[in-house]
Each structure stands twice: as structure tokens, then as C-alpha cells.
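Taking it in order: structure first as C-alpha cells, then the write-up.
Every number here is computed from the coordinates shown, using simple stated rules; none is lab data. Quantities reported herein were computed from a predicted structural model and do not represent experimental measurements. Cβ sites come from the backbone with ideal geometry, for glycine too, and all protein chains shown count toward neighbours.
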Amino acid sequence: MAKDIWAFIEARDGKPRKISLEAIGKAKELAGARGVKLGAVVIGADAGAAAAEVAKYGPDVVYAAEDAKLKDYSTEPYARVLGDLVKEHSPAVVVFGVSILAKDLAARLAARLGASLAGDVVGLEGDGELVATRPVYAGKAQTKVGFKGEPVFLTIRPNVFPAATPDGKTAEVVKVSPKFEDKDFRVQVKETIIPKKERVDVLEADIIVSGGRGMKAPENYAIIEKLADQLGAAVGASRAAVDAGWRPYSDQVGQTGKVVGPNLYVACGISGAIQHLVGMSSSKVIVAINKDPDAPIFKVCDYGIVGDLFEVVPAVTEEVRKRKG
């Protein structure tokens, strides 16, 4: 008997995150190809409210695991709750949107259940044998991987697959009473600090304007912020800029930051070290601005401008402003 396909949902303030809607979209496509049901799982202190919202986006059933103890994400209790649900219902595949939380949870769960895991997936074939495509060698190549046994856990790269949209139906919401063990709370979250941001998070942005060491000083980020404002973009940063204290870690794009895949990525004063390329090489269009014609970033970009970013970026910003009328 064919088994269901699930999507794991991250929610904030009772709303599913965009990356989770993309997970639902891909899981729905996979479920349709296999002729099975689509499930979704929401975990948290306000899981019920989030589940009611998720129910509009196409699943057949939404499992809502709500408990005050789950207010802040912590690996062990979340892995306990999701692991128990997976063991009880035996889905064939669970799809996560790539995020720091999802990468942590999916890996822990795969290890705990002895299941297969593919991360950073950019392609998925599932009408027959499941085959996932993921980038390797800093995006220079792609590899296709198969799986032995079930369940299979997948984390999909942001902005690669279309997000689900409300389909006019409302799914059944099944409330789940989480069960914990004392050891699940050996690590306790004392406080969660979420920086106030006027712009969308880089993980969910369609356009990102990033700055690197070539910005020279934190105050110079005002230059690319003006361009981002005109483009309706998020502002990103390289590891060098974050390490220097010029931008918060939440803006960091790269192997040790966030892996993104926007429609447009503008790299300003970023040389193109491997660590950074891993995080943005799957962007649909890459524009590089750098005064060093030999900078590695020019080997991966679609459009490159060799010039001083302090002259080029304001000129580009003004041109965008004019074209917007």
C-alpha cells in the first residue's frame, strides 16, 4: 500500500513561512504523482492557529502538535514529537524547507529513525523511484541520489520550487497531544531574540543585494540598502562582513550562514570565496560588481561589472529609480 507524503511546517505568529509553503507545494506534487494523500505537520505553542491556516493550502490532513513547552524550538522535544508521529503514521517522505531549524531537525530525526536524508534539494523525481538532485562542489556540479527504505527526509532549497497556494478546500486538522521524556529537556531555551527587520529575510527573498569585504565599513551598507529599497530586496552579507561586525549573522549568506536561491542575487564587493558561492550559486540570475577583474565571483555570475562599487551601485540605483518612474 502506497504511503502518504508529508510536509513539515515552520510557522511564525500563526502563519506558515514561505519556505514551508514551498515544501507543501513540492510535497503536493509528489503526492499527486503517486496517488497518495498529502499530510502536513505543525509543531509549537500556537500550532492550532498555524494548522488552521496551513489547512487552506492543499493538504488532506494537518497534524497540530500544540504544547506550551514547544514555544521555543529545541532539538530533542521537536524530534520526539515529529518522530512519534512518523512512527505512528509511516509516511514515505517528509519534505522540509531549508532553514537552520529544518537542517537541525531533519538530520537528528534521520539519525534517530535510521532513515535516509538528502539536503539542499533542487530537483525531485518521484512518480516512480524517488530521485533527488542536489548541488555539490560549491554548486559547480549536481548529483542525483536515490534512497533505500522509508521514510525519506528531504530539505529543499528556497525559491527553487513554487509555493503552494490556497486551493479552496480546507483540510482536516488533527490535534496531537505531545508526549515527552525528562531527557528531552536537558537543554532549555531561556530566551529567543528575533532582530527587528524592515525587510524580508534573505531565505525568503526573491531579490537579494549582498555586500562583502569590499564595502570597507558598516556605514557604507547604506549604499546597497538604497538599491535594495528600489528593488524591494533583502540585504545580505558575506562571512567576512559579518565577522567584522558590519552586519548581523542573520544576514549572512554562505556555507556557514544561509543557503539562498533568489531570482536575482546582486553581489557587491564580494570576491566569491567557495564558502560564499555554496550559499548563493543556485540563484537564477547573479550580478557581480567588483573592481578586481580576476575575482572568482565573475566565473559564476551571469552579468559582471568591473568597477568601483561606490560609483557603480549608486548609478544602478538611480537607473532603477528612473525606470520605475
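When each full DSSP H helix of the chain is screened for a Cα extent of at least 18 Å along its own axis and an average Kyte-Doolittle hydropathy of at least 0.5, the helices passing are 100-113. GNM remark for the chain: springs join alpha carbons under 10 Å apart, and the peak mean-square fluctuation among ASN290, ASN220, ASN159 falls on ASN220. Partners of LYS216 within straight-line reach, counting aspartates and glutamates whose Cα lies under 18 Å from its Cα and excluding those fewer than 8 residues away in the same chain: GLU225, ASP243, ASP251, ASP292, ASP308, GLU311. Between LYS258, LYS216, LYS56, the GNM of the chain built on Cα springs shorter than 10 angstrom shows LYS216 fluctuating the most. From the alpha carbon centroid of the stretch 304-325 to that of the stretch 30-79 is 44 Å. Comparing LYS87, LYS71, LYS291 in a Gaussian network model of the chain, where Cα atoms under 10 Å apart are tied by springs, the biggest mean-square fluctuation is seen for LYS87. Note on LYS322: lysines with a C-alpha under 21 Å away, same-chain residues under 8 apart excluded, are LYS226.
Residue pairs exceeding 26 angstrom between C-alpha atoms, taken from LYS175/LYS258; LYS87/LYS140; LYS15/LYS258: LYS175/LYS258; LYS87/LYS140.
If only the Cβ of Lys and Arg carry +1 and only the Cβ of Asp and Glu carry -1, the dipole of the chain around its Cα centre is close to 200 debye. Across the chain, the mean sequence separation of Cα contacts (distance under 8 Å, 6 or more residues apart), normalised by length, yields a relative contact order of 15 percent.
By DSSP, the beta bridges lying fully in the chain are antiparallel in about 15 percent of cases.
For LYS37, a cut-off of 16 angstrom between C-alpha atoms picks up these lysines, skipping any fewer than 8 places away in its own chain: LYS3, LYS26, LYS28, LYS56, LYS169.
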